[in-house]
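Report on the following structure.
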Amino acid sequence: MTLDDISDTLLDEASSPTHLREALDAFARLCSNVTGVVPDRSFDAWADDSLLKDGVAINPEAAAHCVKDYQRSVVFIRAVHTAINTASDRFANQPIEILYAGCGPFATLLLPLLGRFHAGELQVHLLDIHQRSLDSVGQLVEHFGLQSHYIHFVQDDACRYQHPGSPHIIITETMQKSLEQEPQFAVTANLAPQLHGEGIFIPQKIEVELCLAHLDAETAAFKRGDAPDLVALEEAGGRYPIATVFSLIPDQAAALEQRACQSSSTGMIELNPVNVTIPSVAHLNNFDALLFTRVQAFEQHQLLDYESEITLPLRCTEMAPLKPGDHYRISFQLGNYPKFCVTRLCDG
Ligand SMILES: C[S@@+](CC[C@H](N)C(=O)[O-])C[C@H]1O[C@@H](n2cnc3c(N)ncnc32)[C@H](O)[C@@H]1O
């Protein structure tokens with residue numbers, strides 16, 4: 001499979017899940033053969049990860065492994081393609097400037113698309129904290145004969161980086177489910193204000209919602225291949241949405257960060273505290289309190305519950321056992337390991 005075949009398959013809405021998987025596996029194989037970077041989810045357990053002030057930057061092997069979160073990769077690549085076409089209409093007769101922060105060793109969300117554009121149409125800035133990842137992408141650019149494109153490599157911390165100019169498109173996927181561990185929030189808060197006024201930030205929106213649901217039954221239903229629809233949810237025992245606990249919209253991120261305050265209980269800096277009350281529902285003991293993450297990459301290109309590793313639910317163990325009327329405070333805690341912090345306020 002050539003890079004063009006891979007990109008055709010990934011963008012074709014009629015491609016089956018099997019064909020999409022095969023195309024992404026072929027992409028990873030090609031990249032590994034050229035660079036020697038082999039995808040590995042837990043490469044030496046945290047070895048070579050960079051523990052930054054605002055979250056963990058995963059090592060190049062683990063970042064390469066993200067390719068294999070198949071639906072994630074497909075949705076983001078399609079989102080980036082749509083965004084480039086939208087930006088080309090919006091900013092006619094000028095090169096589209098793209099900043100891709102956290103590109104990893106394969107620049108997965110953009111590299112498969114570059115061959116679809118002529119030299120001079122795009123100006124690409126690839127940024128990562130890991131020089132080894134940038135070196136790897138450099139080898140790929142040469143191997144795939146993409147040198148005629150303007151591609152600039154930047155080794156820096158995306159939570160601090162100041163770009164000279166205002167990119168038309170910013171892409172960053174530095175997250176895990178529930179925005180835990182990696183610095184997606186801090187990267188967004190730093191970079192979104194640097195976007196061109198009419199530019200496009202990918203992802204456009206990330207939402208985290210607290211629900212009561214049955215984790216094991218839902219997971220089993222979705223593993224069987226059922227679409228995450230209402231019937232599957234009902235069969236898994238039903239679901240009760242409690243509250244949206246976080247909405248990350250790029251052009252609001254910096255203001256949200258400015259309103260951050262120090263938690264009196266943990267001493268950590270936290271955002272957006274939300275108070276919730278556990279409702280009285282039949283068989284409450286059988287439910288789990290779960291955080292669901294939904295990602296709108298761009299326009300119709302979205303990742304919903306269970307569709308990818310980054311939209312798997314996270315169990316709030318702090319809320320077990322669930323009791324009707326119990327009050328909790330949920331905030332998003334910043335720092336070197338970002339995560340949601342759940343504190344019990346009082347019994348009902
Ligand atoms: C989850 S991987 C994603 C890799 C690739 N973009 C993809 O989507 O397949 C995140 C990447 O972001 C990089 N990264 C994380 N935090 C960063 C930061 N603060 N500054 C620069 N790079 C960062 C990591 O080194 C890693 O390569």
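The values are calculated or read from the model by the stated rules, or taken from the named source; none is laboratory data. Keep in mind the model is a prediction, meaning the values are calculated, not measured. Cβ: placed from backbone, ideal geometry, glycine included. Neighbour counts: every protein chain shown. Ligands, DNA and RNA are excluded from the accessible area calculation, which covers all protein heavy atoms including side chains. Shrake-Rupley method; radii C 1.70, N 1.55, O 1.52, S 1.80 Å.
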For M1 the rounded accessible area (nearest 10 Å², probe 1.4 Å, non-protein molecules ignored) is 120
Going by the alpha-carbon gyration tensor, a ≥ b ≥ c the square roots of its eigenvalues, is segment 3-204 rounded (a/c under 1.5) or, if a/c is not under 1.5, prolate (a/b greater than b/c) versus oblate? rounded
Sum of side-chain charges, T244 neighbourhood, beta-carbon under 9 Å (Lys, Arg +1; Asp, Glu -1): -2
Taking only protein heavy atoms and a 1.4 Å probe, what accessible area per residue, in Å², does the chain have with all protein chains in place? 43
Checked segment 206-346 against the a/c 1.5 cut and the a/b vs b/c comparison, axes a ≥ b ≥ c from its Cα gyration tensor; verdict oblate
For A26, what charge total do you get from the other residues with a beta carbon under 15 Å from its beta carbon, if Lys and Arg give +1 and Asp and Glu give -1? -3
Please give the calculated 222 nm ellipticity per residue for the chain, where each DSSP H segment of at least 4 residues contributes -39500 (n - 2.57) and the sum is spread over every residue; nearest 500 deg cm²/dmol? -9000 deg cm²/dmol
Hey, got a sec? Which GluC sites (Glu not before Pro) in segment 1-104 land in a DSSP loop and have at most 12 other Cβ atoms within 10 Å? E13
By average Cβ neighbour count within 10 Å, what is the ranking of 305-315, 67-77 from highest down? 67-77, 305-315
³J(HN,Hα), Karplus 6.51/-1.76/1.60, whole Hz, each residue of segment 102-112, x for Gly, Pro: x, 6, x, x, 10, 6, 3, 7, 10, 4, x
Counting other Cβ atoms within 10 Å of each Cβ, which GluC sites (Glu not before Pro) in segment 99-177 have at most 16 and sit in a DSSP loop? E121
HN-Hα J in Hz across segment 197-209 - Karplus 6.51, -1.76, 1.60, θ = phi - 60°, x for Gly and Pro: x, 10, x, 10, 9, 10, x, 6, 6, 10, 10, 10, 10
Carbon + sulfur, % of accessible area of the chain - ligands and nucleic acids excluded, 1.4 Å: 48
Pairs of Cα atoms under 8 Å, at least six residues apart: use those to get the relative contact order of segment 3-204, whole percent. 20
From Cα pairs below 8 angstrom and at least 6 apart in sequence, can you work out the relative contact order of the chain, rounded to a whole percent? 17
